[in-house]
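The structure appears below as structure tokens.
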Amino acid sequence: MSDPSPARAQVPVLDVWCELQCPDCRTALDDLRALRARYGDRLELRLRHFPLEKHKHAFAAAQAAEEAAAQGKLWPYVEAVLGRVADLDREGESLLVSVAGELGLDAEEFDTALIDGRHILIVDADQAEGKAIGVTGTPTYVVGGERLDGGKSQEGLRERVEQIVDRLLAEQG
């Protein structure tokens with residue numbers, strides 16, 4: 001028996017392999033904002049974690065971002081932390097907790113999440129998947145099966161993402 005209701009088309013997904021202590025990821029925020037403004041709910045932006053060993057607070061920041069997602073404010077938290085990359089380098093985990101409080105999130109729960117490691121598996125899985133598909137730095141974007149490395153250069157990157165998304169949306173009809 002067939003379902004008479006039309007299937008809802010899947011929206012294209014832009015995986016953003018990011019690290020919250022990365023200055024290039026902070027720079028990429030303008031492109032991500034522009035993409036959200038242009039496509040709205042016709043494009044799903046999905047944060048993927050790729051903490052780099054050279055940044056000592058990146059792994060904790062990725063876990064904190066997952067706690068922000070659990071509390072319903074992933075992107076505002078990501079933007080707030082990326083806006084303070086230099087502070088994160090100096091202050092470490094205390095900054096992650098204080099940013100949560102500034103955004104009205106449960107800072108005590110953030111502190112507990114960083115201690116109990118409840119989000120480690122998500123971060124580890126993202127990092128492993130990133131390595132498996134060839135991510136070597138951040139930001140790296142994957143959309144429509146194409147990997148675009150923003151860590152080398154962000155020149156023309158948003159335009160390339162838009163071309164791919166526009167093509168995917170046109171293919172959907």
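Nothing in this text is a laboratory measurement; each read-out follows from the coordinates by a stated rule. Only a predicted model underlies this, so the values are computations on that prediction, with no experimental measurement involved. Here the Cβ positions follow ideal geometry from the backbone for every residue, glycine too, while neighbour counts run over all protein chains shown.
Across all Cα pairs in segment 67-173, the calculated P(r) in 5 Å bins from zero up to the longest distance comes to 2, 10, 15, 16, 18, 16, 12, 7, 3, 1 percent per bin. Between Pro51, Ala37, Leu82, the Cα set farthest toward the positive side of the dipole of the chain (charges on each charged residue's Cβ, about the Cα centre) is that of Ala37. Summary of the geometry: segment 70-101 and segment 102-162, compared by the centres of their Cα atoms, lie 14 Å apart. Residue-wise HN-Hα couplings along segment 122-132, as the Karplus relation 6.51 cos²θ - 1.76 cosθ + 1.60 with θ = phi - 60° gives them from phi, are 5, 5, 4, 5, 4, 5, 5, 5, x, 4, 5 Hz; Gly and Pro carry x.
Shape verdict for segment 22-109, please, from the Cα gyration tensor: rounded (a/c under 1.5), prolate (a/b greater than b/c) or oblate. Judged from the Cα gyration tensor, segment 22-109 comes out oblate (a/c at least 1.5, b/c at or above a/b). In the chain, helices alone account for a calculated mean residue ellipticity at 222 nm of -17000 deg cm²/dmol, with every DSSP H run of four or more residues adding -39,500 (n - 2.57).
In this simple spin-label approximation, Val13 and Glu171 carry label points 7 Å from Cα along the Cα→Cβ vector, and these lie 1.5 nm apart.
On the beta carbon distance between Glu129 and Ser153, with R0 = 25 Å, the FRET formula returns roughly 0.60. Among Val135, His119, Ala70, whose Cα sits farthest toward the positive end of the charge dipole of segment 13-151 (+1 at Cβ of Lys/Arg, -1 at Cβ of Asp/Glu, about the Cα centre)? So the residue we want is Val135.
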